[in-house]
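All remarks here apply to the structure that follows.
The values are calculated or read from the model by the stated rules, or taken from the named source; none is laboratory data. Just so it is clear, the structure is predicted and the values come from calculations on it, not from any experiment. Neighbour counts run over all protein chains shown; Cβ positions are idealised from the backbone, glycine included. In case anyone asks, the SASA skips ligands and DNA or RNA and just uses the protein heavy atoms, side chains included. Shrake-Rupley method; radii C 1.70, N 1.55, O 1.52, S 1.80 Å.
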Amino acid sequence: MKILIIGNGAREHALAWKFAQSKKVDSIFIIPGNGGTASIGTNIEADPMDFEALHSLIATRHIDLTVVGPEIPLSEGITDFLQEKGVKVFGPTRHGALVESSKSFSKGLMKKHGIPTADFTVFTDLTSALSHVRNQQFPLVIKADGLAAGKGVFICDTYETAEKALTDMLAGGIFGEAGKKVLVEKFLEGREVSVLALTDGYNLLPLIPVRDYKRICDGNIGLNTGGMGAIADHSLCDQEMHEKIMSRILRPAIDALRAEGINYRGVLYAGVLISNGEPYTLEFNCRFGDPETQVIMPLIENDLIDLMMGTLHSNLDKINITWRKGVALSVVAVSRGYPENFQKGQPITGLDTLSPDVLAFHGGTTLKNGELTVSGGRVINLVTVGESVEACRQKIYEEYKKVEFEKIFFRKDIGL
Ligand SMILES: Nc1ncnc2c1ncn2[C@@H]1O[C@H](COP(=O)(O)OP(=O)(O)O)[C@@H](O)[C@H]1O
Ligand SMILES: [Mg+2]
């Protein structure tokens, strides 16, 4: 089969790496890809948002399966467009992607179908939002309705911070259309875990639970990022909690989507907060996470083709997913300054000296004339599989001594 992956992050590199192990795959194309995917498949410089051009490329290259990594093309209807032309696409339609692209849609769906989540109110008008917030307990959570690249959530400890967030979004337009509608949510206290599941719209195949580390600094402080590291570990949820997450969150969500006329296929990602032993849904995402995918793929024993085709052929109930023993851990190295201003263009060295049991999934890298350079904020993910989180931690931090680029920065507390 010929596979096309849309995206340019370490998530897409991890997917390409996993596809490359399949006997069913002859070639892999990535649009636009990065320095890491260039050594597994063929990067194609094209605009994934130009659906017409994308379709003719898929036709001329005889692509059998197109896998969409990021949420933006999904929310813009890439799947609808390509499916209409007979292309096999992994990823939900525009309506399905609403679970992520509109938090008010998503929370409304949860409320209507009894899926546990924090209480919330939706506002489009600043005056009403402010008068509501004046009567609330703090902290409280304010969220932009639309896609905001992980920057649209504010945990507010005081009325003044809430007022600023609301004013910035509803009057100042800091997120454009995405922030013209906001949610004011009750703050929940607890620990977070993400459970992703493959689905064909009826059946769910849950993946190993993951935890990601969102903030830039050790101790989970500082600015929010796309993700600085992750662990995949079955023991993040005991069996009872896993059962609750499936029966109260993921299964009802798929049933709810179907009840709304949405045949959701692909990955449904539940961000869960466990408070006093009960799971609450923080959000749904309509795609694989980054860096979550980088720790999930190395643990899956199945052929990724079988899993993805299962979502398209509605036979996930016939598939048994099996896992390598152990846990996986990923630490992301960024170019210092990320997620704000950071240096690009500097050479990266040492990746060819890594131990064979460590994987390097590339994010912001470019390979040109044999030279690998930094081209984005989150540069490299080093990933390993081991018996315990602690063993993986030690391994990864030891291996990072070999990797160099100017302004390299990574968290030292992933997995602690
Ligand atoms: N109701 C809530 N109570 C406590 N923390 C929350 C709540 N909602 C969100 N958060 C925190 O904010 C983070 C981002 O919120 P989320 O809804 O996942 O938005 P996004 O990932 O789109 O930025 C969560 O991972 C969590 O740490
Ligand atoms: Mg989130």
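Observations
- For the stretch 1-55, with +1 on Lys and Arg beta carbons and -1 on Asp and Glu, the positive-most of 55, 6, 27 along the dipole: 27
- When only Cα pairs below 8 angstrom with a gap of at least 6 residues are kept, the stretch 292-348 shows a relative contact order of 35 percent.
- Partners of residue 111 within straight-line reach, counting aspartates and glutamates whose Cα lies under 19 Å from its Cα and excluding those fewer than 8 residues away in the same chain: 100, 119, 145, 185, 255, 260, 278, 283.
- Dipole magnitude for the stretch 200-353: computed about the Cα centre from +1 point charges on Lys and Arg Cβ and -1 point charges on Asp and Glu Cβ, it is near 240 debye.
- Theoretical gain in end-to-end length, residue 397 to residue 155 [0.36 nm per residue, Cα-Cα removed]: 84.0 nm
- Inter-probe distance in nm under a simple model that places probes 7 Å from Cα toward Cβ, at residue 1 and residue 407: 4.0 nm
- Distance in nm between pseudo-label sites at residue 321 and residue 224 (7 Å out along the Cβ direction from Cα): 2.6 nm
- Sulfur and carbon atoms: percent of accessible area, the stretch 191-318 [1.4 Å]: 45 percent
- Restraint check, 186/325; 2/325; 2/407; 18/214; 24/244, Cα-Cα greater than 27 Å: 186/325; 2/325; 2/407; 24/244
- Helical contribution to [θ] at 222 nm, DSSP H n ≥ 4, -39,500 (n - 2.57), averaged over the chain, rounded to 500: -7000 deg cm²/dmol
- Accessible surface calculations at 1.4 Å, restricted to protein heavy atoms, place the chain at 42 Å² per residue.
- Charged-residue dipole, Cβ positions (Lys, Arg, Asp, Glu), the chain about Cα centre, Debye nearest 20: 60 debye
- The stretch 71-121 - charge dipole about Cα centre, Lys and Arg +1 at Cβ, Asp and Glu -1, debye rounded to 20: 160 debye
- Relative contact order of the chain, defined on C-alpha pairs under 8 angstrom at six or more residues apart (%): 17 percent
- A simple spin-label model places pseudo-atoms 7 Å from Cα toward Cβ; at residue 135 and residue 27 they are separated by 6.4 nm.
- FRET efficiency estimate (nearest 0.05) - Cβ-Cβ, residue 234 to residue 164, R0 45 angstrom: 0.65
- Here is the P(r) of the chain: all C-alpha pair distances, binned every 20 Å from 0, give 26, 60, 13, 0 in whole percents.
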